[in-house]
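Report on the following structure.
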Amino acid sequence: MMPTLFISHGAPSLAMERNAYTDFLQDLGMHIGKPDAIVLFSAHWESDLLSFTYTDQTYETIYDFYGFPDQLYQMTYPAQGSTQVASLVEKQFAAQGIPTVRDEQRGLDHGAWVILHHLFPQAEIPVVAVSINPGLPPQEQYKIGQALGSLGQQNILVIGSGAVTHNLRLLDWSAAEPVDWAVAFDDWIVDHVQTWDLDSLFAYRDLAPYARQAVPRNEHFDPLFIAMGAADERQQAQLLHRSYQYGSLSMIAFRFG
């Protein structure tokens with residue numbers, strides 16, 4: 001049974017970095033087992049109607065950022081798509097009454113390729129990327145994940161790529177230690193994820209300390225609910241990694257199932 005993962009993708013420059021978090025990602029990729037395919041929800045692909053890549057071709061690497069070193073724009077992640085796996089994803093969503101649309105042109109944005117570069121550097125595993133709709137409430141995000149709950153039995157890895165604490169306006173690029181409010185919010189989230197307290201998690205904006213500071217907009221947070229939903233039948237959560245960059249950007253990774 002392949003688990004599901006929530007992975008914080010951090011800044012795009014993570015692709016070039018070597019630190020405790022990138023070491024963790026590389027180690028995770030070596031020890032989780034080799035999936036037959038990856039289905040990845042990226043915080044950097046938003047659409048009102050759930051969309052997924054539908055291609056067997058090699059993906060274009062999307063550089064959806066600016067102001068970084070030239071070296072970063074030379075990096076590629078030449079993974080291929082899989083219409084076979086995409087069709088399976090489409091059927092799973094349709095069975096739960098979730099409308100979708102195929103996208104035959106989109107490449108992999110940095111929410112996808114930056115973490116895959118560390119997890120599976122050979123780019124040999126087929127990938128299907130899926131969009132998110134931040135306009136949906138947490139319960140609906142969770143149901144989207146639930147629709148894909150059987151993929152783990154077929155050795156397909158579901159990944160939600162985003163962040164727990166993510167407020168770019170409050171980053172301190174020179175900070176050596178995390179700020180108190182980010183730690184307090186993450187403490188609350190980690191505790192309620194590990195106990196699978198969905199009622200509290202779905203109401204995190206009202207219940208969690210500093211929620212408005214930590215999640216000013218929920219596009220990076222929603223992949224957490226999707227990843228949890230995909231493991232709903234098992235409801236087991238393990239915190240794999242927790243560290244911080246720039247004072248309040250939390251690098252958190254969970255394994256579900």
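Taking the criterion of being closer than 26 Å to GLU17 by Cα and without any contact (Cβ under 8 Å) to a residue 40 or more places away in the chain, the residues of the range 35-87 that qualify are THR58, TYR66, GLY67, ASP70, TYR73, GLN74, THR76.
Within the set GLY145, GLY160, the sole residue that is under 19 Å from the mean Cα position of the chain (by Cα), in a helix (DSSP H, G or I) and not hydroxyl-bearing (Ser, Thr, Tyr) turns out to be GLY145. Return the only residue of ASP64, ASP27, ASP36 being among the acidic types (Asp, Glu), more than 13 Å from ALA129 (Cα to Cα) and out of contact with any strand residue (DSSP E or B) (no Cβ under 9 Å at 6 or more places or on another chain). Exactly one of ASP64, ASP27, ASP36 is among the acidic types (Asp, Glu), more than 13 Å from ALA129 (Cα to Cα) and out of contact with any strand residue (DSSP E or B) (no Cβ under 9 Å at 6 or more places or on another chain), namely ASP27.
Let's see how each residue does on (1) assigned to a loop (DSSP other than H, G, I, E, B); (2) farther than 24 Å from GLU46 by Cβ; (3) modelled with pLDDT of 95 or more; (4) not β-branched (Val, Ile, Thr):
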residue	(1), (2), (3), (4)
ALA176	yes, yes, no, yes
PHE185	no, no, yes, yes
VAL193	no, no, yes, no
TRP196	yes, yes, yes, yes
ASN218	yes, no, yes, yes
LEU224	no, no, yes, yes
GLU233	yes, yes, yes, yes
SER243	no, yes, yes, yes
ILE252	no, no, yes, no
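When the range 64-99 is filtered for residues that are more than 22 Å from ASP222 (Cα to Cα), in contact with a helix residue (DSSP H, G or I) (Cβ under 8 Å, 6 or more places away or on another chain) and not polar (S, T, N, Q), the ones remaining, listed by number, are PHE68, PRO69, LEU72, MET75, TYR77, ALA79, LEU88. Of the candidates HIS118, HIS110, the single residue that is touching a Pro at 6+ places or on another chain (Cβ under 8 Å) and on the phi < 0 side of the Ramachandran plot is HIS110. Within the range 58-88, the set of residues being closer than 19 Å to ILE115 by Cβ and not in a loop (DSSP other than H, G, I, E, B) comprises THR58, THR61, GLN71, LEU72, TYR73, GLN74, GLN80, VAL85. Listed by first and then second residue, the pairs with beta-carbon distance under 7 Å, at least 6 apart or on different chains, first residue in the range 114-140 and among the hydroxyl-bearing types (Ser, Thr, Tyr), second modelled with pLDDT of 95 or more, are SER131/TRP45; SER131/GLU46; SER131/SER47; SER131/LEU50; SER131/SER51.
Just to be sure before I move on: is SER150 hydroxyl-bearing (Ser, Thr, Tyr), under 25 Å from GLY257 (Cα atoms), touching a residue at least 24 places away in the same chain (Cβ under 8 Å) and touching a Ser or Thr at 6+ places or on another chain (Cβ under 6 Å) in the structure I sent?
Taking the combined requirement at face value, the residue does not satisfy it.
The values are calculated or read from the model by the stated rules, or taken from the named source; none is laboratory data. None of these values were measured; they are calculated from a predicted model. So basically every Cβ, Gly included, is an ideal-geometry build from the backbone, and we count neighbours across all protein chains shown.
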